[in-house]
């Protein structure tokens, strides 16, 4: 998915300015013609006719240059689904230009600039209705515009992906609320070939951690690939203002590793306020070359939740066993919320290396003293 395209924005500004100027010129000409004039001697019509012809030629020339520029600067075409259909969501507040950008990004049209120009010239720039639209690969601009302005009433279904779910758990939510099986969704989510730059890290083997937790609405007939792509797109949108680059330089971690930390925070925090503190404990332990000893990573390695881990569980042979291995696990263990991602990127500065849940279960006790940690564990009955 593309981010903000400055060149396309400038082209669109030029287009709007040109069309507005053309409209203003037309109004001035009409106003001038409507004013009463004093009788004048009859003049030859040859001069005005030639000037009118030159004006038409000039206008057509400008249009040709604009269209040629747009066609030459078309964006990349997105990969098509197995049935050649592409889904595009139009939300309340979208403009013709923003919808055209979405259409270009998804490969529905070749140029958002040309599409916008054609709609404006045809007087169809208003009246686009919000909704989920499905476009076939052979639809023309007129068909697309008609569909957008008439609105497409398609049966939909909705579900919510809670924070802290794994791919497998998310697949279960999808299967409960759609005709997509858990296996189909897991297969689609196991692929990293969805066209997103954040999945290009060689350490990434699937989309674990990137399926953003949120409420979603889909058209009936949506494929598993399209669902996964929508959740990945939401991750991109939600993290647009997260400064991963600065955090990577400051903490010496990649975006993928920061997302892994965020997933640990999501599963460990008892409330929102303590998330940046837990982040500091994780980083302090990594710096001290101490094992993280996070139970949630053992649960992830087991593949199922267990109320109380046994000694054998803590000794299991897995790269996700943070009792036996130092540093971070190989990847995220769940899909974190935006607040957990922000905590991973902007941790508190503390000297804490231990934490334990309080007896009421509402928060954690933090300390850098091992004896205090043991006393707190005893108090909590652990």
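Per this entry, residue 101 is counted among residues that are touching a residue at least 40 places away in the same chain (Cβ under 8 Å) and assigned to a helix (DSSP H, G or I).
If you go through segment 181-200 and keep only what is buried (at least 16 other Cβ atoms within 10 Å of the Cβ) and more than 26 Å from residue 105 (Cα to Cα), you end up with just 182. Residue 147 satisfies every condition listed in (1) within 22 Å of the chain's Cα centre (by Cα); (2) within 30 Å of residue 128 (Cα to Cα); (3) buried (at least 16 other Cβ atoms within 10 Å of the Cβ) except (1).
Scanning segment 92-111 for residues that are farther than 22 Å from residue 226 by Cα and at pLDDT 80 or above yields a count of 4.
Okay, residues lined up against (1) over 30 Å from residue 85 (Cβ atoms); (2) touching a residue at least 40 places away in the same chain (Cβ under 8 Å):
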site: 227; (1), (2): no, yes
site: 236; (1), (2): no, yes
site: 271; (1), (2): yes, yes
site: 296; (1), (2): yes, no
site: 299; (1), (2): yes, no
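Taken over segment 170-180, residues that are surrounded by fewer than 20 Cβ atoms within 10 Å (Cβ to Cβ) and either assigned to a strand (DSSP E or B) or without any contact (Cβ under 8 Å) to a residue 40 or more places away in the chain (or both) amount to 5. Count of segment 267-285 residues, restricted to those that are within 16 Å of residue 324 (Cα to Cα) and either touching a strand residue (DSSP E or B) at 6+ places or on another chain (Cβ under 8 Å) or not in a helix (DSSP H, G or I) (or both), is 1.
Between 330, 336, 347, the distinction of being surrounded by fewer than 20 Cβ atoms within 10 Å (Cβ to Cβ) and either on the phi < 0 side of the Ramachandran plot or touching a residue at least 60 places away in the same chain (Cβ under 8 Å) (or both) belongs to 330 only. Test residue 342 against the criterion of being in contact (Cβ under 8 Å) with a residue 60 or more places away in the chain, under 24 Å from residue 255 (Cα atoms) and surrounded by fewer than 14 Cβ atoms within 10 Å (Cβ to Cβ), and give yes or no. For residue 342, the condition - in contact (Cβ under 8 Å) with a residue 60 or more places away in the chain, under 24 Å from residue 255 (Cα atoms) and surrounded by fewer than 14 Cβ atoms within 10 Å (Cβ to Cβ) - is not met.
Every residue, every condition in (1) within 15 Å of the chain's Cα centre (by Cα); (2) assigned by TED's automatic domain parsing to the domain that holds residue 335, yes or no:
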site: 198; (1), (2): yes, no
site: 210; (1), (2): yes, no
site: 245; (1), (2): no, no
site: 261; (1), (2): no, yes
site: 265; (1), (2): no, yes
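For segment 181-224, a tally of residues being in a helix (DSSP H, G or I) and within 17 Å of residue 169 (Cα to Cα) returns 9.
The values are calculated or read from the model by the stated rules, or taken from the named source; none is laboratory data. Keep in mind that this is a model prediction, so the values were computed, not measured. As a convention, Cβ positions derive from the backbone with ideal geometry for all residues, glycine included, and neighbour counts pool all protein chains shown.
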